[in-house]
Amino acid sequence: MKFRAKIVDTACLNHFTRVSNMIAKLAKTCTLRISPDKLNFVLSDKVANGGVSMWCELEQENFFSEFQMEGVSAENNEIYLELTSENLSRALKTAQNARALKVKLTNKHFPCLTVSIELLSVSSSSRVVTHDIPVKVIPRKLWKDLQEPTVPDADVSIYLPVLKTMKSVVEKMKNISNHLIIEANLNGELNLKIETELVCVTTHFKDLGNPPLASENASQDRNSEQMAEVHIDIRKLLQFLAGQQVNPTKATCNIVKNKIVHFDLLHEDVSLQYFIPALS
C-alpha cells in the first residue's frame with residue numbers, strides 16, 4: 001500500500017485547504033478514500049441510527065501535479081484511512097503562500113499521513129514544515145459501509161437560496177426550537193418552519209427554481225403547489241450550513257417526504273453530498 005501526492009499550484013493548494021476546512025466543520029472524524037483518479041472524504045453515520053452521511057469527491061488531476069498510489073491489491077486498488085478532520089485542516093493552515101505541498105502515507109510506529117509544506121523564507125531559501133497526522137487503515141471487509149450513498153427518488157428537488165442567508169435564518173430559529181421543518185414544492189418555493197406550543201415561525205423563499213429533470217419526473221403525478229416536508233434536527237442543518245465558507249456554484253436540496261433531506265453542492269470541481277435523516 002503506497003500513496004504520495006504533490007501540489008505546486010497556489011490556487012489548487014488554497015482550494016484544497018478550503019475543502020479540508022469545510023470537512024473539519026462537517027465531521028469530527030472522517031474516512032479518506034484514495035483511488036487512482038479520485039479522493040473522497042466520507043462520513044457514514046448510519047442514517048438508520050439517526051446520523052448524517054457525507055460524500056465529498058474531488059478529481060485528483062484538478063489538484064495534484066504528482067499523484068501515485070497502490071491500493072490494497074491490484075483488484076482492490078483503493079486505500080481507506082480514518083482520520084481526525086481537524087488534524088488535516090490544522091496542518092494545511094500553515095500552507096498559505098507555500099511553494100509546494102506533499103502528502104505521503106508513512107509508518108512512524110503507527111500509520112500516518114505525512115504532510116510536508118515547503119515555505120518560502122525571507123532569504124528566498126525554503127524551509128519545510130512537516131506534520132504527521134495519525135490515521136487508521138480501514139480493512140477491506142469494512143469498505144462496504146463506506147461507499148457512495150444511494151440517493152432515493154426525491155418527492156421534490158429545488159435549488160437552494162444563498163447559503164449565508166439560510167444560515168442566519170436557521171441560527172435565529174435554533175434559539176427557539178431544536179426541530180425544524182423543511183418543505184418545498186415544484187413551484188420554486190422553499191419554507192423553513194419551527195413550531196412550538198407558544199410560537200410558529202416560517203421563513204419563505206420564492207422563485208428558487210427546480211432542476212428540470214427532477215420536476216419533469218415528479219410533476220407527472222404531483223401538484224406543483226403541493227409541499228413535501230421533512231422534520232429534522234436543526235443542529236444538524238446548522239452544522240452543514242456552517243461548513244459552507246464559499247457559496248457553491250450549484251446547490252440543490254432533494255426532499256424525500258418524512259424520510260431524508262439530501263443536499264447536493266458543487267464547489268467549482270468539488271462535489272459534496274450531505275444527507276440528514278428525518279426525526280422519527
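The values are calculated or read from the model by the stated rules, or taken from the named source; none is laboratory data. Fair warning: this is a prediction, and the values are worked out from it, not measured in the lab. As a convention, Cβ positions derive from the backbone with ideal geometry for all residues, glycine included, and neighbour counts pool all protein chains shown. Heavy atoms of the whole protein, side chains included, go into the accessibility calculation; ligands, DNA and RNA do not. Shrake-Rupley method; radii C 1.70, N 1.55, O 1.52, S 1.80 Å.
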Obtain the radius of gyration and the Kirkwood radius of segment 138-241 from its C-alpha atoms and give Rg over Rh.
-> 1.06
What the 10 Å binned alpha carbon P(r) of segment 68-154 shows, as percent of pairs per bin from 0, is 14, 35, 28, 16, 5, 1
The chain - mean residue ellipticity at 222 nm from DSSP helices (-39,500 (n - 2.57) per run, n ≥ 4, rounded to 500) = -6000 deg cm²/dmol
q = 0.07, 0.12, 0.15 Å⁻¹: log10 I(q)/I(0) that the Debye formula gives for the chain, counting C-alpha atoms only | -0.30, -0.81, -1.11
Expected vector for segment 107-112, Karplus 3J(HN,Hα) from phi with 6.51, -1.76, 1.60 and θ = phi - 60°, integer Hz, x for Gly and Pro, equals 10, 10, 6, 8, x, 9
With the other protein chains left in place, how much accessible area per residue, in square angstrom, belongs to the chain at a 1.4 angstrom probe?
-> 51 Å²
Can you tell me which of 105-118, 8-21 comes out highest on packing, and rank the rest after it, using the mean Cβ neighbours within 10 Å?
-> 8-21, 105-118
Dividing the mean separation of Cα pairs under 8 Å (6+ apart) by the residue count of the chain yields a relative contact order in percent of 19 percent
With no solvent and one point per C-alpha, what does the Debye sum give as log10 I(q)/I(0) for segment 126-175 at q = 0.19, 0.25, 0.27, 0.31 Å⁻¹?
-> -0.85, -1.01, -1.09, -1.17
About the Cα centre of the chain, how large is the charge dipole given +1 on each Lys and Arg Cβ and -1 on each Asp and Glu Cβ? Please answer in debye to the nearest 20.
-> 1280 debye
Would you please give the FRET efficiency between Leu279 and Glu171, computed as 1/(1 + (r/R0)^6) with r the Cβ-Cβ distance and R0 = 22 Å, to the nearest 0.05?
-> 0.70
Take segment 1-147, drop everything but the C-alpha atoms, weight them equally and run the Debye formula without solvent; then report log10 I(q)/I(0) at 0.10 Å⁻¹ to two decimals.
-> -0.34
Tail weight of P(r) past 15 Å, computed on alpha-carbon pairs of segment 40-104, percent = 70 percent
Counting only residues 5 or more apart in sequence or on a different chain, those whose built amide H sits under 5 Å from that of Met227 are none
Quick one: net charge around Ser125, please, counting Lys, Arg +1 and Asp, Glu -1 for every other residue with C-beta under 13 Å from its C-beta.
-> +1
Please turn the phi angles of segment 65-76 into ³J(HN,Hα) values with the Karplus equation 6.51 cos²θ - 1.76 cosθ + 1.60 (θ = phi - 60°), one per residue in order, whole Hz, x for glycine and proline.
-> 7, 10, 7, 10, 8, 10, x, 4, 7, 4, 7, 10
